[in-house]
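Visitor: Before anything else, here's the structure in question.
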Amino acid sequence: MTAATATAKYDGTGAFPEAEPAARAPRQRGMQVAVTMILVAGPFVGLVIALWMLWGRGVGLADIGLAVFFYLLTGFGVTVGFHRCLTHRSFTARPALRVALAIAGSMSFEGDVITWTATHRRHHAFTDRPGDPHSPYRFGTGPVGQLRGLAHAHVGWLFGSDPIPTSPQRYAPDLLADRSMQRVSSAFPALCVASLALPAAIGWALGAGSARAALLALLWAGLVRIFLLQHVTWSVNSLCHLLGNRPFTTRRHDRATNLWPLAVLSLGESWHNTHHSDPACARHGVDRGQIDLSAGLIRMFERAGWVSGVRWPSAARLERRRRLPVDVAAQVPGRSPVLTPAPDGAARATST
């Protein structure tokens, strides 16, 4: 059964009809799990060690400053580079900036640039229905299914439970044809090493050659920073399809939400309902008081002449997609609309 066939049988409430799993050699499967374990468990181990070293000693301002710097560097690499520039083409960046953003995003330990882009484009093609690689609705909308789905959408999908692996040839042919992106993608392992080595080297230099200073910088500005950024990104995949509000219409079955508590840490990515309503828009936080640091950086790049063709939101486009007041009145009081999937046709369909 293909993803398209499974989608045709999906009723919006039950578990996804399973597609036929792709044949993969045991060795290939084992290698994928091992690499994923290193990328996911490594930062967690670093967090545990950092907390142990912190106990009764405190953490220095230099380590905090380095952690914030590398969080913003790699975080904007993901949100502005991987996501808004390369995946959705919300703006056109100069070649050097495009490569720099791809390098910064690759240092986040979230996968190489081509695979990340292909996976995210597939997510938009099949949001919250069969074919979505990380939907929290994969196991249904009941309490047990939602808990399983939450774990799957947050981190479980990384371990290869998807019956149909994402094809870069299908979802990211433009990046496969781009030699600079091919080089950045191939350099992913080296960039992961650099993501840890640079904080350690800077900590060593600031600590006058102290091995302890280098270790603390490695832990806080390296592993702990990676751990936090990974889980913020994965929370957009999981929590931002379960909790929050949906002020804008999306396609059938798409239950992306706006979740304000994650706005700052996600650099604006948690205005997820707005994004799914208009994926190519460069700004996700479009209403008053909605913080979107990634959009602010894109604006700075635009003023500096480093990017062009930015697709900023327009009032007319927003109002076409905004839910009518009657939609809000029709919701069950005190219950988020995403917890009970809307029936077919309950919201206006929009194109992406």
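Visitor: Give me the three principal axis extents of the range 250-300 from the C-alpha atoms, as integers in angstrom, largest value leading.
Guide: Taking the Cα atoms of the range 250-300, the three principal extents are 35, 23, 18 Å.
Visitor: Mind giving me the nanometre distance, one decimal, between the label points for D287 and L147, set 7 Å out from Cα along Cα→Cβ?
Guide: 3.2
Visitor: Based on the mean of other Cβ atoms within 10 Å per residue, sort peptides 220-230, 135-145 so the most packed one is first.
Guide: Order by mean packing, descending: 220-230, 135-145.
Visitor: Taking 7 Å along the Cα-to-C-beta vector as the label spot, tell me the V264-A96 distance in nanometres, rounded to one decimal.
Guide: 3.4
Visitor: If I model a spin label at L228 and S180 as a point 7 Å from the Cα along the Cα→Cβ vector, what separation in nanometres do I get?
Guide: 3.1
Visitor: Right, next: Counting only other residues whose beta carbon sits under 10 Å from that of H88, what net charge do I get with K and R as +1, D and E as -1?
Guide: Computed value for this residue: +3.
Visitor: Also: Across the range 127-247, how large is the tail of the calculated P(r) beyond 21 Å, expressed as a percent of all Cα pairs?
Guide: 59
Visitor: What are the semi-axes of the equivalent ellipsoid of the range 46-339, taken as the square roots of 5 times the eigenvalues of the Cα gyration tensor, listed largest first and rounded to whole Å?
Guide: That gives 32, 23, 20 Å for the three semi-axes.
Visitor: Label 7 Å along Cα→Cβ of A205; the range 70-104 residues with amide nitrogen under 15 Å?
Guide: 70
Visitor: Quick check: residue separation of A194 and K9 times 0.36 nm, minus the Cα distance between them. What number comes out in nm?
Guide: Stretched fully, the A194-K9 segment lengthens by 62.0 nm.
Visitor: Assuming 0.36 nm per residue, please report the length gained on full extension of the stretch R320 to Q169 beyond their Cα-Cα distance.
Guide: That works out to 51.0 nm of additional length.
Visitor: Oh, and also: Would you mind counting up the charge near T233? Only other residues with Cβ under 9 Å from its Cβ, with Lys and Arg at +1 and Asp and Glu at -1.
Guide: Neighbourhood net charge equals -2.
Bear in mind these aren't lab numbers, they're just calculated from the coordinates by the rules spelled out. Note that the structure is predicted; figures quoted are calculated from it, not measured. Cβ sites come from the backbone with ideal geometry, for glycine too, and all protein chains shown count toward neighbours.
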